Structures are given as C-alpha cells and as structure tokens.
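Please treat every number below as a calculation from the coordinates, not as lab data. This one's a predicted model, so the numbers in the text were calculated from it and none came from an experiment. No Cβ is skipped: glycine too gets one built from the backbone with ideal geometry, and neighbour counts run over all protein chains shown.
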Amino acid sequence: MADTAVTEFHVVTLFPEVIEALSAFGVVGRAVAAGIIGISAHQLRDYCGGSIHAVDDAPYGGGPGMVMRPEPIYAAVEDLRARFAPKRSILLTPQGRRFDQATARRLAVSGDLLLFCGRYEGVDERARGLFDEEISMGDFVMSGGEIAAAALVDCVARLIPGVLGSEQSAERESFSETLLEYPQYTRPVRFRNMAVPAVLTSGNHARIEAWRREQALARTRARRPDLLAHKPGRNDP
C-alpha cells in the first residue's frame, strides 16, 4: 500500500484548549487555515455516559493518585474510529517508545492519526490494547499527554508536503540525517565584533555546502556524539 500523508490529527484530551491553540499560531496554524491539515480536539468527558465516576478512579491494590477508567477511553476511541477512520492510534505515555525524528517521518506518511493524552497515574491496563503504539517524549514525566501530543503534531505536521514554505527546510533541520543542524547567520554581517563566516558570503555554493557539512559534523560530535555512534554506514572520521 502506498504511503499516505497525514491530513487529520484527532486528539482525545481532558484539556482541548491546549490542542486547539496549535491551530491559531505559526506554521501549523497557517497549514490549518490553508486546509492542508486539520486538528480536532475531542473532550474525553463527553464519553463518560453520565457515569458518576467520571474519567478516573482510585487504583485497585492501593497507592497514590488516580487511574483513568477504561470505559470512556474505549467509548472515545471506538467512536472516533467509526466516524473518522484514522489509520493509527497512539497513546501518549511515559512508558512508550521514545519519540524521535525517524518516528516523525514514519508517522507523517502513515495516514490520519488518533492521539490519546494520558493523565494522572496513567490509563487502566485494559485500555492499552486499543492503541497501535505508545509514544513518550523522553525520559521524564509531565502532568499529562497534552504537551506531548502538541509536540508530536507540530513535528509531524512540518514533514507533510505544503506545510513548510520550503520543502528544503525540513530536509536541512537538526536530526534530518541524524546530525545536528549547522550554524545559521543572517544580517548584519558584523554584530558586536562578531562576523559572519566569510565562506557564507562568498557566493561559492560548493564551498558553502562543504562548510555546512563540516560544521554539522563538528557540532554533533561535540554535543550529541551518540547520534554519530548510531549513524548507519557512517564514513565520516
């Protein structure tokens, strides 16, 4: 089956305002206004069916905090699948696989996405089987999955054709080829006795590309040597 670019992000959350803000600003906001992508926030409380227990309850076996109940999670995911047919459903949780640029590229061509924002002490274990995968933003804990979902949407959206003004922008950014991005400069040529490297004003595009490659490698070695250690087929010294 051919790859299919994402056109719709459906996010299930207790705080839809966090997700809706994405549609109002910057690159993602312009893409939404242009009709290139859509971002829909779905309130989980709408799927409680009038339950007096709402979306969470105390954990069996005791312990601190609350656990998200399975009933509204199933109701929300099953309803959105029936109405919108997203291709993949993702649970945002600290227990998931760590998100990176390779994952963003994969998701950008996986078809429409359904994202579920975990909260509290997490979701009832019986709800995990609903999702195609679990994703974490990193080895740290946040109050909920909303910021993680916003970061994922922003990162994936940038890779969708038409979202960025220049397709080369995504190709040249940090992590696009497991390297950090090279240093960037703009006007003025000299600022507080700091000058733009002469090669960048030389007009020699071959020299400029070679300099950028050299700088990207040097910066990656200094700041993120782990990226070079995992770079397949690497021939750079």
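Averaging the sequence gap over all C-alpha pairs within less than 8 Å and six or more residues apart, then dividing by the number of residues, gives the stretch 174-229 a relative contact order of 46 percent. Under a GNM of the chain (C-alpha, springs under 10 Å), which listed residue has the highest mean-square fluctuation: Glu121, Glu209, Glu20? Of the options given, Glu209 has the highest mean-square fluctuation. Helices in the chain that qualify as membrane-span-like (whole DSSP H runs, Cα extent of at least 20 Å along the helix axis, mean Kyte-Doolittle hydropathy of -1.0 or higher) are 70-84.
Relative contact order of the chain: what whole-number percent is it, with Cα pairs under 8 angstrom and at least 6 residues apart? Can you show the working numbers first?
On the way: 354 pairs, mean separation 47.6, N = 237.
20 percent.
Rank Ala41, Ala218, Ala157 by mean-square fluctuation in a GNM of the chain with C-alpha springs under 10 angstrom and give only the top-ranked residue. Of the options given, Ala218 has the highest mean-square fluctuation. In the elastic network of the chain, a GNM with C-alpha springs shorter than 10 Å, the most mobile of Arg106, Arg81, Arg219 is Arg219.
In this simple spin-label approximation, Ala24 and Ser40 carry label points 7 Å from Cα along the Cα→Cβ vector, and these lie 2.1 nm apart. Values (i) 18.1, 64; (ii) 19.3, 59; (iii) 21.5, 70 are given for comparison; Rg and Dmax of the Cα atoms in Å, derived from the coordinates here, is the one labelled (iii).
Work out the length of the dipole vector of the stretch 174-229 about its Cα centre, built from +1 on the beta-carbon of each Lys and Arg and -1 on the beta-carbon of each Asp and Glu, and round it to the nearest 20 debye.
Working: 10 positive and 5 negative charges, 59 e Å.
The calculation lands at about 280 debye.
With both labels modelled 7 Å from their Cα along Cα-to-Cβ, the Val199 to Met142 distance reads 3.7 nm. Sorting 132-139, 192-199 by their mean Cβ neighbour count within 10 Å, with the most densely packed peptide first, gives 132-139, 192-199. Simple rule: put +1 on each Lys or Arg Cβ and -1 on each Asp or Glu Cβ in the chain, find the dipole, and look at Thr4, Phe116, Phe191; the Cα lying farthest toward the positive end is Phe191.
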